[in-house]
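Here you go, one structure.
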Amino acid sequence: MPIAAQQGRHGVTGQAQVPGIDPGISAADRSLRPGRAGGRVGVTRLVLTDFRNYHSARLDLDPGPVVVTGPNGAGKTNLLEAVSFLSPGRGLRHARLGEIDRRDGTTQPGSMGWAVAATVETRRGMVQIGTGRDAAGGERRVIRIDGEPARGQAALGERLGILWLTPQMDRLFLEGPAGRRRFLDRLVLGLDPAHAARVAGYEQAVRERSRLLRDGPADLVWLAALEEAMAQQGVAIAAGRRDAIERLDRTCAEADGPFPRARLNLVGTIEHWLGTMPALEAEERFKAGLAQNRAGDALAGGAALGPHRSDLGVVHGEKGIAAESASTGEQKALLIAILLAHAALQRATRGEPPLLLLDEVAAHLDATRRAALFEALAGLESQVWISGTDAALFAPLRPAARFLSVSDGTLSETSF
């Protein structure tokens, strides 16, 4: 398989862009490092192949903070995006897999598509993850964990939690609900790794039902089976979201510090039903609604009813205003507050906190909140990847963080 071949090649060849490259970790080495109770969670080795503007890059790291700086377009976000692919989904850009391949004609010999390989230190042990696009499978993603093919992307969520904040999310509260649903499901996934499989199964059933309704005449038996699957998976998704957001809302409400208290709620028909009736009754009502809406869904495409129509509501607790009515700086502060609260909640729920990827996080933060953020990050028990154009802004992290500079897909140690 392409991932295995590329991991193996990097073990013996390739140019090291940063000093201190680890040529590989054997199974015997892994058995001698079973993970440290109470230790910091983080990536200790990262290898990129033909990933956007990175021809080949390898990093040997401590699980402490990583600060990546450089000019716009140099590859800072690309590096954080590569780390985000150690979790289920389409990464922090929500990109199509084919868009990530290096396109300048200088791919590695024998390369079939981009690849990311990492060694991750967790509290349950060291994990090796390899993932990338299988060019023979188009948009098919290949995943290997500790050298073995993974049964699906959900297996990544079982090993590691990852959350991110990007400049595109600065408008999360102002734009349509699709981005907020992705953010919501990322929060749920951190607390319940099985959520990814439920969402994938539900979306597959929605697509198949839409195809049957569009192409017609529909196979009524198969159509009913798909609606049954949608009802079961959809109610489970809504229930998982309700549980996670209720717990996260309580955590946010109890938080102290300079960041605003975010209050969270769900807006959705299925989620509302679950507050008034048992899950089995909600399933039957959902299934009946799908059958009743077949004609309209056939004309409009998709499904008018379901958790894919739900939304995440956020309120600035102290001011009592919806997030979309807050200032740009307050919206950024609300997002940071949610991520920090979620990190604490995931640690309490799963025994270890998530990795945080903070792309251009200093934007829209004043000096007071920037200092408060750095203080909070220093107290986390997991690795944080931070990017920005000016390394001086991150000087308070200097004693504990690894500082890297990036220029046109080439990494080097930052000199001060």
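Tell me, which strands (runs of 3 or more DSSP E) wholly within segment 342-416 include 2 or more residues that are at negative phi and over 24 Å from the mean Cα position of the chain (by Cα)?
Details: elements: 355-359, 384-388, 402-407, 410-413.
Ranges flagged: 410-413.
Modelled with pLDDT under 95 and open to solvent by 50 Å² or more (accessible area, probe 1.4 Å): is that true of Ala344 in this structure? So that I can check it myself, show each step before the final result.
Details: modelled with pLDDT under 95: yes; open to solvent by 50 Å² or more (accessible area, probe 1.4 Å): yes.
It is true that Ala344 is modelled with pLDDT under 95 and open to solvent by 50 Å² or more (accessible area, probe 1.4 Å).
When segment 63-74 is examined, which residues are found to be surrounded by fewer than 22 Cβ atoms within 10 Å (Cβ to Cβ) and over 21 Å from the mean Cα position of the chain (by Cα)?
Thr69, Pro71, Asn72, Gly73, Ala74, listed by residue number.
Still on this structure, I have one more. Just to be sure I understand, how many residues within segment 293-330 are touching a strand residue (DSSP E or B) at 6+ places or on another chain (Cβ under 8 Å), of a type outside the set (S, T, N, Q) and either open to solvent by 60 Å² or more (accessible area, probe 1.4 Å) or not in a strand (DSSP E or B) (or both)?
Of the residues in that region, 4 qualify.
Separate question: Could you figure out which of (1) more than 22 Å from the chain's Cα centre (by Cα); (2) modelled with pLDDT of 90 or more isn't true of Val41?
(1)
Suppose we filter Gly176, Gly113, Gly147 for residues that are open to solvent by less than 30 Å² (accessible area, probe 1.4 Å) and either of a type outside the set (Phe, Trp, Tyr) or more than 19 Å from the chain's Cα centre (by Cα) (or both); which single one remains? Explain how you work it out, then say what you get.
Values: Gly176 fails: open to solvent by less than 30 Å² (accessible area, probe 1.4 Å); Gly147 fails: open to solvent by less than 30 Å² (accessible area, probe 1.4 Å).
The unique qualifying residue is Gly113.
Then there's this: Looking at (1) surrounded by 17 or more Cβ atoms within 10 Å (Cβ to Cβ); (2) hydrophobic (A, V, I, L, M, F, W, C); (3) closer than 21 Å to Arg347 by Cα, which is the only condition Ala194 fails?
(1)
Here's a follow-up. Collect the residues in segment 215-264 that are in contact with a strand residue (DSSP E or B) (Cβ under 7 Å, 6 or more places away or on another chain) and either open to solvent by 30 Å² or more (accessible area, probe 1.4 Å) or not in a helix (DSSP H, G or I) (or both), keeping them in residue-number order.
Restricting attention to segment 215-264, the residues satisfying the condition of being in contact with a strand residue (DSSP E or B) (Cβ under 7 Å, 6 or more places away or on another chain) are 241-242, 245, 248-249, 252-253, 260, 262-264.
Once the filter is applied, which keeps residues that are in contact with a strand residue (DSSP E or B) (Cβ under 7 Å, 6 or more places away or on another chain) and either open to solvent by 30 Å² or more (accessible area, probe 1.4 Å) or not in a helix (DSSP H, G or I) (or both), segment 215-264 yields Arg242, Ala253, Pro260, Ala262, Arg263, Leu264.
The values are calculated or read from the model by the stated rules, or taken from the named source; none is laboratory data. All of these numbers come straight from a predicted model, not from anything done at the bench. Neighbour counts run over all protein chains shown; Cβ positions are idealised from the backbone, glycine included. Surface areas here come from the heavy atoms of the whole protein model, side chains and all, with no ligands, DNA or RNA. Shrake-Rupley method; radii C 1.70, N 1.55, O 1.52, S 1.80 Å.
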